[in-house]
Amino acid sequence: MALVKPVLFQVAGYQNSGKTTLSLRLIKELTAAGLKVATVKHHGHGGRPEVVEAKDSDMHVKAGAAVSLVEGGGRMIIHAENGQWSLSEEIDMLSFFKPDVILIEGYKNEPYPKAVILRDESDLELVEKLHNIQVVLCRKPGLSNLLKDSALPVLNMDDGVCWILEYITNK
């Protein structure tokens, strides 16, 4: 049996652009369409993501375990510590779960197909700086007029969700 690789798709934009809101909508819609979705989110706020301290898994890691896995009632929590995880390593990890789609939130400079969210004119530089943009989503009405000569689809958020869903399901 051939292993089918998941579709990888990024949601990129500056902080407070709506990346998480868009990701949540995509997860709900893709799941409703019967697809198994995995996500990778870059914790871009500095420091490490929070963990529940004083639990056995945290104590195992503090004692020196590189990885601690806790399972119960069908839920699995993995707590791993490493100097630095690459996005490629994170994708490999998620691939174990055999998702149909891996949504990547953040990591804007990575080369995967992506939607870029623009809040206002100051974000226009992203269209020039980022690679493998498939669609540009504009939060501010009228912003799309500044990109009318672009070869890329430039859409509002609602139309953008429909466009991304079609893009992913056609892969």
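Listed by first and then second residue, the pairs with beta-carbon distance under 6 Å, at least 6 apart or on different chains, first residue in region 93-117 and aromatic (F, W, Y), second open to solvent by 50 Å² or more (accessible area, probe 1.4 Å) and assigned to a loop (DSSP other than H, G, I, E, B), are Y107/H42. Scanning region 14-56 for residues that are over 15 Å from V161 (Cα atoms), of a type in the set (A, V, I, L, M, F, W, C) and modelled with pLDDT of 70 or more yields L35, V37, A38, V40.
Between residues in region 132-150 that are within 18 Å of C162 (Cβ to Cβ) and residues that are in a strand (DSSP E or B) and small (G, A, S), which pairs lie under 9 Å by C-beta distance while being six or more apart or on different chains? Matching pairs, first to second residue: I133/A12; I133/A115; Q134/A115; V135/A115; V136/A115; L137/G13; L137/A115; R139/G13. Condition check for V116 on (1) more than 14 Å from the chain's Cα centre (by Cα); (2) at pLDDT 95 or above; (3) not polar (S, T, N, Q): one failure, at (1). Would you pick out the residues in region 19-35 that are more than 14 Å from L8 (Cβ to Cβ) and either open to solvent by 80 Å² or more (accessible area, probe 1.4 Å) or out of contact with any Asp or Glu (no Cβ under 6 Å at 6 or more places or on another chain) (or both)? T20, T21, L22, L24, R25, I27, K28, E29, T31, A32, A33, G34, listed by residue number.
Evaluating E105 against the criteria (1) open to solvent by less than 60 Å² (accessible area, probe 1.4 Å); (2) more than 18 Å from L26 (Cβ to Cβ); (3) touching a strand residue (DSSP E or B) at 6+ places or on another chain (Cβ under 8 Å) leaves one unmet condition, (2).
Within region 152-171, if we keep just the residues that are under 18 Å from D123 (Cα atoms) and aliphatic (A, V, I, L, M), the residue that is surrounded by the most Cβ atoms within 10 Å (Cβ to Cβ) turns out to be V154. Taking region 75-92 as the range and being surrounded by 14 or more Cβ atoms within 10 Å (Cβ to Cβ) and assigned to a helix (DSSP H, G or I) as the test, the residues that pass are L87, E90, I91. All conditions in (1) over 23 Å from I91 (Cβ atoms); (2) modelled with pLDDT of 85 or more; (3) open to solvent by 70 Å² or more (accessible area, probe 1.4 Å) hold for G72, with the sole exception of (3).
The lone criterion from (1) open to solvent by 60 Å² or more (accessible area, probe 1.4 Å); (2) within 21 Å of E166 (Cα to Cα) left unmet by M59 is number (2).
The values are calculated or read from the model by the stated rules, or taken from the named source; none is laboratory data. Keep in mind that what you see is a predicted model, and the values were worked out from it rather than measured. Glycine gets a Cβ as well: all are built from the backbone with ideal geometry, and neighbour counts include every protein chain shown. Heavy atoms of the whole protein, side chains included, go into the accessibility calculation; ligands, DNA and RNA do not. Shrake-Rupley method; radii C 1.70, N 1.55, O 1.52, S 1.80 Å.
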